[in-house]
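The values are calculated or read from the model by the stated rules, or taken from the named source; none is laboratory data. Since the structure is predicted, the reported quantities are computational estimates derived from the model, not experimental observations. Counting neighbours? That spans all protein chains shown, and the Cβs are built from the backbone with ideal geometry, glycine included. All accessible areas refer to the heavy atoms of the entire protein, side chains included, with ligands and DNA or RNA removed. Shrake-Rupley method; radii C 1.70, N 1.55, O 1.52, S 1.80 Å.
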Amino acid sequence: MSKENYDAKLAVLNALPQEEVKAPTTPVDTIVQESENLFIWAQEDKKVLLGKGLDWNRFILDLPIRTGACRYAQAVWMKERYSQEEAAKTWKQEAPKAYDFRNDLLADLRFAFRKRTDLLARVRTISDGEGDADMIQDLMDISVLGKANTDELEDVNYDFARLDLAAQQSDGLAELLAKANGAMLDNSKAKEIRDRAYTHLKEAMDEVRDTGKYAFRKDPERFKGYISRYKRR
C-alpha cells in the first residue's frame, strides 16, 4: 500500500511551496509509527474533534495515505544512502588500482614519446597535479593524447585497448567518486521528496494533535494520546 499511497500523493508533494518543506526533526520511522497510533487514537474522539473544527477528511482520513507516502519515500531515500556507502567501499578498493594504472600509462607514453620533446611536455603537464579528481582526468587526457599520436605507439607495438580502458575507467570512476562523496545526494530528488512527504505528514499530525491537546486539556487520559512519546522522552 505504501507505494500506492506514494503514487497518489506525488503530485501533491511536488506542489508544496519550497519554503514550507522541512527536513525531519524526528526519526522518520518514529513519526510514521506515531502517525498510525494517532489515527487509531483519534477515532474515539471524532465528535469532540469535529466540534473543535478539525477537518476530518483532510487530516484524519487522509492520515494513513500521508503516512504510507512518507514511509515509501523514506525507503527510497535510504536505498540511495546505502548506495553511497557501497560506492565508498568500492572506491577504496578501486582507487589504488586506478592510480597504478594511471602511472603505468604515463610510463608507457614517456617511453613511446621519448624522441618527441613536444609530446613529452604534454605528458609532464598531465602528470602534474594530485588528488582523486586529477587522477580521473589524467586517465581521460592520456587516452586522448595516445589516440592522437598513434605512430609513436605503433612503433613500440602498443596495445591500444589500454587507451580505451583508460577512457572507460575515467568515466566510471568519476561517477563512483561522486556517489562515494555524496555529491549526488546534496541535491538528491529522493531526499527532496522524502522531506516533502515528511512535511505533508507532519502538517496533518500537528493539526490533529493541536486540536486534541486543546480539546482534552482537562482530560489527562485523552490528552496523552495527542503528545509525541518521542519528544516527551
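Only one of these is more than 24 Å from LYS189 (Cβ to Cβ) and crowded, with 17+ Cβ neighbours inside 10 Å: ALA73, ALA107, ALA95. Name it.
Of ALA73, ALA107, ALA95, the one residue that is more than 24 Å from LYS189 (Cβ to Cβ) and crowded, with 17+ Cβ neighbours inside 10 Å is ALA95.
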Subject >> Restricting segment 84-107 to residues that are within 26 Å of the chain's Cα centre (by Cα) and of a type in the set (D, E, K, R), the residue that is farthest from GLN169 (Cα to Cα) >> reply: GLU85
**OP:** Say whether the condition of being aromatic (Phe, Trp, Tyr), in contact (Cβ under 8 Å) with a residue 60 or more places away in the chain, open to solvent by 50 Å² or more (accessible area, probe 1.4 Å) and more than 14 Å from ARG196 (Cα to Cα) is met by at least one residue in segment 19-40.
**Re:** no
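Please work out which residue is nearest to the chain's Cα centre (by Cα), limiting yourself to segment 175-189 and to residues that are open to solvent by less than 70 Å² (accessible area, probe 1.4 Å) and free of Cβ contacts under 8 Å to residues at least 40 places away in the same chain.
ALA183
For (1) open to solvent by 30 Å² or more (accessible area, probe 1.4 Å); (2) part of a helix (DSSP H, G or I); (3) polar (S, T, N, Q); (4) at positive phi, each residue gets a yes or a no:
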site	(1), (2), (3), (4)
GLU154	yes, yes, no, no
ARG162	yes, yes, no, no
ALA167	no, yes, no, no
SER170	no, yes, yes, no
LYS191	yes, yes, no, no
THR199	no, yes, yes, no
GLU203	yes, yes, no, no
TYR214	yes, yes, no, no
PHE223	yes, yes, no, no
